[in-house]
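Report on the structure given below.
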Amino acid sequence: MHVMSLDMFMQHFINALGLGSLYGLIAIGYTMVYGILRLINFAHGDIFMLGAYFVFFATVQYKLPWAVGVLAAILGATLCGILVDRVAYRPLRSAPRISALISAIGVSFFIENLSVVVFSGMPRPVVQPPLLMKAFSVGGIRLVPLALLVPVISFLLVAALMWLIYRTRPGLAMRSISHDIETTRLMGVSVDKIIALTFAIGSALAAVAGIMWALRYPRVEPFMGIVPGFKAFIAAVFGGIGSIPGAMLGGLSLGFVEIMSIAFFPSLSGYRDAFAFVLLIVILLVKPTGLMGEKLEDKI
Amino acid sequence: MKCAAQSSDKFRNGCLTLLSAAAFAALIWWAASSLDGYKLRIINLIAINAILGLSLNLIYGMTGMFSLGHAGFMAIGAYVSALLILSPEQKTTMWILKPITPLLLNIHAPFVVSLIAAGLAAAIFGCLIALPVLRLGGDYLGIATLGFSEIIRILITNLTPITNGSLGLKGIPAHTNIWMSYGCLAVVLVCVVRIMNSNFGNVLRAVRDDEIAARTMGIDTFRARVLAFTIGCFGGGLGGALMGNLITTIDPKMFMITQTYNLLMIVVVGGLGSITGSIVGAVVVTTMLEWLRIVENPVSIGGFEIPGIPGMRMVIFSLLLIVVIIFRREGIMGMREFSWSWFFRTGSRGTEGGGQG
């Protein structure tokens, strides 16, 4: 085991906080869609990738100001998310769930390969805005503003989402659909619109995560969404699928497990991507509903 | 009268099965002696994909366990087989980063033994995974098996003294020939047909269609699921070993999730739960994947040069998967099977499993 100073530990702590909150932001999209449709939206990781690419094209390629670029990227990814639902999932609403799952795999595969064709498979470097990268030090810890901005923005967005879900009428409709889609339809709620809204919110959050990811690890490539996507889904399962605070908690847990185990045991670094899957299998065996999940009853 | 008609039908079907098997053997003999290497490779690949498709279909289509872990079991099979076949000299020169474990250095086995070992290794591993994971159902099972397949891949990448890490294994003798791959396919096909026509096959269908009802009838559904999963994993390992010996190089990147998607495509296009479907699916998907290489090469039509688009092949491929699942969910065969009585449209349509072509 690696012995480290408090300063080093704090550095890793902030690192883990950043990575964990990004996982959490992506996980929210998974957990919302799964909560409502019982569908693993495999394409979600690719929406995350599209968000990163859009901001790259807007700011690096077309030299738009960052604020405009970020908005355009969020908007673009959100539209893609809604489109995915409309084209690939809505026709399969009444089909067996496994069909929608295969469709989701197909869509994910499609977006990745289309991105290779359109954007080229070469990784591209992202130019970070200097303002976010100007290092300063607090009590011996060297920090860049970006490292603090990522968790702060993530937590603000989660707070806003919680307000939306628990305090507004569309939020009420979402919660209602997740309990019983048919009854909600009978109550006069336009279910398809609410589902589209769910995809829009999830995709927007994934796009924000993608943008911040592209700033933290400054490059974009067409397959960058696969591994974070899987890990975020695992985070959603770990936290309890269907629960938004659970998704955030799961994301943070995963971020801390990944960063801290490598910080303390550097020899394990080759196995970094396996931790998430080990965590998944452990939680599925010990507590399949996740940390904060409700029990999903099998309907007979 | 009816009895006599049935027995004469049975005799006719048996003759036809034997005849078509002989005709097929003649076809293989012709192909092996007159086709070029590229075509033979595709024909081999069809057989291997059919084996893999059948084994995934046994797990998913027939028993209803959504497994996304097949690439991992293929990897186990491919590595076990390669480690048994490679000569000690090859092994000493190949492990550059770290020396190979002495235990593995001198181990050596003929091809057929290595195939069986590959299948057994994958089956043992599959069984170990199945015991905890098959308690889950539906898409959780899919994600958990996917997780295991990724863990296997990461282990292979990191266990350099055993697997040569990310460099992979090169120079595996090309033992897989058309006789070998179609021989294996025939064995697998007979096994799967016999399983599905036995009482155990009925148990598997019952588990798929309604697990709770099956349990109420006194079926040990968990045992049936573990057994079916283990048999399916054997097929995965066997297919992986054949593929390694066909391509002659293997590395961990070969066994990514994309590999499982391709197999899923074969099973879905052919028809979930149909043995015939998996074979038809393997032929269609493998040929199509090769044929689609055209779009990546430049073509000239009437003097115009249309540049090839790299990556377009997989775009069309994934689009087809979506189109099939939205517009023709049951695939080409649905749950139907090929049988001679179905072929002649006599008797009931294809409910009795007859001789497979």
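Based on this model, can you work out whether A:Ser154 counts as hydroxyl-bearing (Ser, Thr, Tyr) and not in a helix (DSSP H, G or I)? Here the answer is no, as A:Ser154 does not meet what is asked. Counting only residues that are of a type in the set (Gly, Ala, Ser) and touching a Leu at 6+ places or on another chain (Cβ under 6 Å), segment B:273-299 holds 1 of them. For segment A:111-137, the set of residues classified as within 9 Å of another protein chain (Cβ to nearest Cβ), over 21 Å from the mean Cα position of the chain (by Cα) and small (Gly, Ala, Ser) consists of A:Ser120, A:Gly121, listed by residue number. The number of residues in segment A:270-284 that are more than 17 Å from B:Ala144 (Cα to Cα) and either at pLDDT below 85 or not hydroxyl-bearing (Ser, Thr, Tyr) (or both) comes to 2.
Criterion applied to A:Leu75, A:Leu64 was being under 27 Å from A:Leu172 (Cβ atoms) and surrounded by fewer than 24 Cβ atoms within 10 Å (Cβ to Cβ), and the one residue passing it is A:Leu75. Are any of the residues in segment B:162-184 modelled with pLDDT of 90 or more, under 24 Å from B:Phe229 (Cβ atoms) and among the hydrophobic types (A, V, I, L, M, F, W, C)? Yes, segment B:162-184 contains a residue that is modelled with pLDDT of 90 or more, under 24 Å from B:Phe229 (Cβ atoms) and among the hydrophobic types (A, V, I, L, M, F, W, C). Each residue in segment A:40-88 was checked for being within 20 Å of A:Arg219 (Cα to Cα), part of a helix (DSSP H, G or I) and not hydrophobic (A, V, I, L, M, F, W, C), and 9 of them qualify. For beta carbons closer than 7 Å, sequence separation of 6+ or different chains, a first residue in segment B:111-135 that is more than 30 Å from B:Ser87 (Cβ to Cβ) and a second that is exposed (fewer than 15 other Cβ atoms within 10 Å of the Cβ), the qualifying pairs are B:Pro132/A:Leu285. Restricting the search to segment A:107-140, which residues are surrounded by 12 or more Cβ atoms within 10 Å (Cβ to Cβ) and at positive phi? Across segment A:107-140, the qualifying residue is only A:Ser120. Assessment of segment A:47-64 against the conditions (under 30 Å from A:Glu182 (Cβ atoms) and within 16 Å of the chain's Cα centre (by Cα)) yields at least one matching residue.
The residue that is surrounded by the most Cβ atoms within 10 Å (Cβ to Cβ), among those in segment A:162-182 that are in contact (Cβ under 8 Å) with a residue 24 or more places away in the chain and either within 21 Å of the chain's Cα centre (by Cα) or on the phi > 0 side of the Ramachandran plot (or both), is A:Met174. So for segment B:71-78 (the condition being farther than 23 Å from B:Val187 by Cα, within 14 Å of chain A (Cβ to nearest Cβ) and crowded, with 17+ Cβ neighbours inside 10 Å), does at least one residue qualify? No, that holds for no residue.
Scan segment A:213-272 residue by residue and report those that are farther than 30 Å from A:Gly121 by Cβ, away from chain B (no Cβ under 14 Å) and not in a helix (DSSP H, G or I). The one that is farther than 30 Å from A:Gly121 by Cβ, away from chain B (no Cβ under 14 Å) and not in a helix (DSSP H, G or I): A:Ser243. The criterion of at least 2 residues that are in contact with a Leu (Cβ under 9 Å, 6 or more places away or on another chain) and among the small types (Gly, Ala, Ser) is met, among helices (runs of 4 or more DSSP H) falling completely within segment B:120-205, by B:138-158.
Each row is one residue, and each column tells you yes or no for (1) touching a residue at least 12 places away in the same chain (Cβ under 8 Å); (2) more than 11 Å from every other protein chain (Cβ to nearest Cβ).
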residue	(1), (2)
A:Gly35	yes, yes
A:Leu39	yes, no
A:Gly51	yes, yes
A:Ala72	yes, yes
A:Arg86	yes, yes
A:Pro91	no, no
A:Ala104	yes, no
A:Phe109	no, no
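Checking each residue of segment A:214-236 against the condition of being among the basic types (Lys, Arg), surrounded by fewer than 24 Cβ atoms within 10 Å (Cβ to Cβ) and free of Cβ contacts under 8 Å to residues at least 60 places away in the same chain gives no match. Using the structure shown, decide if A:Ala263 is in contact with a Lys or Arg (Cβ under 7 Å, 6 or more places away or on another chain) and closer than 22 Å to A:Pro151 by Cα. Against the criterion (in contact with a Lys or Arg (Cβ under 7 Å, 6 or more places away or on another chain) and closer than 22 Å to A:Pro151 by Cα), A:Ala263 does not qualify. In this structure, B:Arg205 qualifies as under 20 Å from B:Leu54 (Cβ atoms) and surrounded by fewer than 18 Cβ atoms within 10 Å (Cβ to Cβ).
To keep it simple, each residue is scored yes or no on (1) more than 14 Å from every other protein chain (Cβ to nearest Cβ); (2) surrounded by 19 or more Cβ atoms within 10 Å (Cβ to Cβ); (3) not small (Gly, Ala, Ser).
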position: B:Gly138; (1), (2), (3): no, no, no
position: B:Ile151; (1), (2), (3): no, yes, yes
position: B:Leu155; (1), (2), (3): no, no, yes
position: B:Asn158; (1), (2), (3): no, no, yes
position: B:Gly201; (1), (2), (3): yes, yes, no
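Would you confirm, using the coordinates I've provided, whether A:Leu37 is aliphatic (A, V, I, L, M) and more than 16 Å from the chain's Cα centre (by Cα)? Yes: the conditions hold for A:Leu37. The number of residues in segment A:183-202 being over 24 Å from the mean Cα position of the chain (by Cα) and under 23 Å from A:Ala247 (Cβ atoms) comes to 1. Can you find, within segment B:123-134, the residue that is farthest from the other protein chains (Cβ to nearest Cβ) among those that are modelled with pLDDT of 85 or more and in contact with a Ser or Thr (Cβ under 9 Å, 6 or more places away or on another chain)? The residue in question is B:Ala123.
Residue count for segment B:208-230, restricted to those that are farther than 20 Å from B:Ser67 by Cα and either buried (at least 19 other Cβ atoms within 10 Å of the Cβ) or within 24 Å of the chain's Cα centre (by Cα) (or both): 1.
Only residues that are without any contact (Cβ under 8 Å) to a residue 12 or more places away in the chain and assigned to a helix (DSSP H, G or I) were counted across segment A:183-212, and they come to 5.
Just one residue in the set B:Ile316, B:Ile301 is of a type in the set (A, V, I, L, M), modelled with pLDDT of 75 or more and at negative phi; that residue is B:Ile316.
The values are calculated or read from the model by the stated rules, or taken from the named source; none is laboratory data. Every value quoted in this text rests on a predicted model; they were computed, and no experiment measured them. In this analysis, Cβ positions are derived from the backbone assuming ideal geometry, glycine residues included, and neighbour counts consider all displayed protein chains.
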